[in-house]
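Take a look at the structure set out below.
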Amino acid sequence: MTTRVSTFPLRLPVSMKAALEKLAERDGTSMNQFLVVAAAEKIAAMQTEEFFRERRAHADDETFPAF
């Protein structure tokens, strides 16, 4: 299976690009791969927050067992 990809220009402050290059090198990945993984982690974190926010909205505190 081939993953479709998209490209776009990314503007970074010079200091941030330098930090990303160092971190990617330390991680043993390309800067592109490092950024892809970082974006995936951020997306997962935000989607998890939304999942629990939605679950909380449907919670019934009165029927939740108190421990």
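Here are the numbers for this structure:
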{"read-out": "Meets criteria (among the polar types (S, T, N, Q) and at pLDDT below 95) for SER30", "value": "no"}
{"read-out": "In region 44-67, the residues that are outside any helix (DSSP H, G or I) and polar (S, T, N, Q)", "value": "THR63"}
{"read-out": "Conditions (1) assigned to a helix (DSSP H, G or I); (2) surrounded by 13 or more Cβ atoms within 10 Å (Cβ to Cβ): number failed by GLU41", "value": "(2)"}
{"read-out": "Answer from MET31, MET46 - the residue that is in contact with a helix residue (DSSP H, G or I) (Cβ under 6 Å, 6 or more places away or on another chain) and not acidic (Asp, Glu)", "value": "MET31"}
{"read-out": "Any chance PHE8 is aromatic (Phe, Trp, Tyr), within 20 Å of the chain's Cα centre (by Cα) and assigned to a loop (DSSP other than H, G, I, E, B)", "value": "yes"}
{"read-out": "Given (1) more than 18 Å from the chain's Cα centre (by Cα); (2) surrounded by 10 or more Cβ atoms within 10 Å (Cβ to Cβ), index of the condition THR2 fails", "value": "(2)"}
{"read-out": "Any chance ARG53 is within 20 Å of the chain's Cα centre (by Cα), at pLDDT below 95 and surrounded by fewer than 11 Cβ atoms within 10 Å (Cβ to Cβ)", "value": "yes"}
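The values are calculated or read from the model by the stated rules, or taken from the named source; none is laboratory data. Owing to the predicted nature of the structure, the values given are computational and were not obtained by experimental measurement. Methodologically, a virtual Cβ is constructed for each residue, glycine included, from the backbone with ideal geometry; neighbour enumeration extends over all protein chains shown.
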